[in-house]
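Remarks on the structure that follows.
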Amino acid sequence: IKINKQLSNEPLQSIFNRNIHYPMRHHQLVLGTMWGKSTLGYITWFQTQQAAQHFNQSHGFLGASATGAISSIACTIATTPFEIIKINLQAGKVKTITEFVKTNGLQKLMPVKPMAALFARSAISGALFNAIYTKIKDIT
């Protein structure tokens, strides 16, 4: 409902009524895509962090910042296709993942210009998060 409201001037009650009439399978697909994205994101983050543990310890704050940025970018690469499909499903633009791919092609799962902005945002937030988290963890 939130995404539909952001994409149109349609009254909230109308959006709600339209969404309530979507088949249960549609809602399950949206939830499955969301959960798949979250699971893949967590696995990617923790695997890259585990691989970088020695680097973090030997390079301190800068090492933690660098590995946080790399982990966040890896998560962005892994999860963005799921997010794009989920948003298109929620907005009612497509009814299935197959329909999205047939209509838009695979290149729409990783659009170049938005991805550059996403990488920058991910790198900055990942670097800050990891550096701060590592410092807090070292203190306790």
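The values are calculated or read from the model by the stated rules, or taken from the named source; none is laboratory data. This is a predicted model, so every value here is computed, not measured. Glycine gets a Cβ as well: all are built from the backbone with ideal geometry, and neighbour counts include every protein chain shown. SASA here: full protein model, heavy atoms, side chains in, ligands and nucleic acids out. Shrake-Rupley method; radii C 1.70, N 1.55, O 1.52, S 1.80 Å.
Data table
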| item | result |
| --- | --- |
| List M24, M115, ordered by accessible area with a 1.4 Å probe, largest first | M24, M115 |
| Length-normalised contact order of the chain in % [C-alpha pairs under 8 Å, at least 6 apart] | 31 |
| Order by protection proxy (mean Cβ within 10 Å, highest first), peptides 7-17, 36-46, 75-85 | 75-85, 36-46, 7-17 |
| Which listed pairs, of K37/K86; K5/K102; K5/K86; K5/K95, have C-alpha distances above 20 Å, in listed order | K5/K102 |
| Whole-percent carbon and sulfur share, accessible surface of the chain, 1.4 Å | 67 |
| Accessible area (Å², per residue) of the chain, counting only protein heavy atoms and a probe of 1.4 Å | 66 |
| Shape of segment 46-101, Cα gyration tensor, a/c cut at 1.5 | prolate |
